[in-house]
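Undergrad: Take this structure first; my questions come after.
The values are calculated or read from the model by the stated rules, or taken from the named source; none is laboratory data. This is a predicted model, so every value here is computed, not measured. Here the Cβ is made from the backbone with ideal geometry for all residues, glycine too, and neighbour counts use every protein chain on show.
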Amino acid sequence: MPHVVGRIKPKVKTKAKVIRDGKNITLTFTLGELPTDQRAFIPAKTEVSSDPLGLKIEDLSEENSRSGDPENGVLVVRVNNGSPAYGKLTQGDIITEIRSKGKRYAIKDAAYFESLFAEFSSGDILAIYASRNGGRFFVAITVE
């Protein structure tokens, strides 16, 4: 669904067919827009990363978080161009949870986040739960 919604411009009224309780229904909606992060923008650089998602992350701290941010998680500092996370996560997102193969991993800090990748193999699909400007969302990312 995200790839379909991504083709629609914000504030456009449109219809979508969905299945609810085994029945086809048509929903009419106006697409909203996630607000952009107002923290300082640092353009992503293409570089080799040992992280299989192409992320540079750091622990949340008083200096890099604000009121309304989750208490636990890691801050995305950079997303490498062309990486699996490119176009799905952005600088300033806070990753709070990963789900894969029926397991849930609550993200406590950067060391735990990085250690998790021993659990995953290339080709695994991860549901990354995150926060952006106080709004929660998730994206599916395939491990390289």
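Undergrad: Limited to segment 116-142, what total is found for residues that are touching a strand residue (DSSP E or B) at 6+ places or on another chain (Cβ under 9 Å), within 27 Å of Glu71 (Cβ to Cβ) and not aromatic (Phe, Trp, Tyr)?
TA: Looking only at that region, the number is 12.
Undergrad: Sticking with this one: For segment 125-140, enumerate the residues that are assigned to a strand (DSSP E or B) and of a type outside the set (Phe, Trp, Tyr). Write out each step before concluding.
TA: Pass one, segment 125-140, residues assigned to a strand (DSSP E or B): 125-132, 135-140.
Once the filter is applied, which keeps residues that are assigned to a strand (DSSP E or B) and of a type outside the set (Phe, Trp, Tyr), segment 125-140 yields Ile125, Leu126, Ala127, Ile128, Ala130, Ser131, Arg132, Gly135, Arg136, Val139, Ala140.
Undergrad: So, one more: Kindly indicate which of Ser122, Ser131 is in contact (Cβ under 8 Å) with a residue 24 or more places away in the chain, of a type in the set (Ser, Thr, Tyr) and within 30 Å of Gly32 (Cβ to Cβ). Before you say what the answer is, go through the steps one by one.
TA: On the way: Ser122 fails: within 30 Å of Gly32 (Cβ to Cβ).
On inspection, the qualifying residue turns out to be Ser131.
Undergrad: Of all strands (runs of 3 or more DSSP E) completely enclosed by segment 2-109, which ones contain at least 1 residues that are assigned by TED's automatic domain parsing to the domain that holds Phe138, surrounded by 10 or more Cβ atoms within 10 Å (Cβ to Cβ) and modelled with pLDDT of 85 or more?
TA: 55-59, 74-79, 94-100, 103-106
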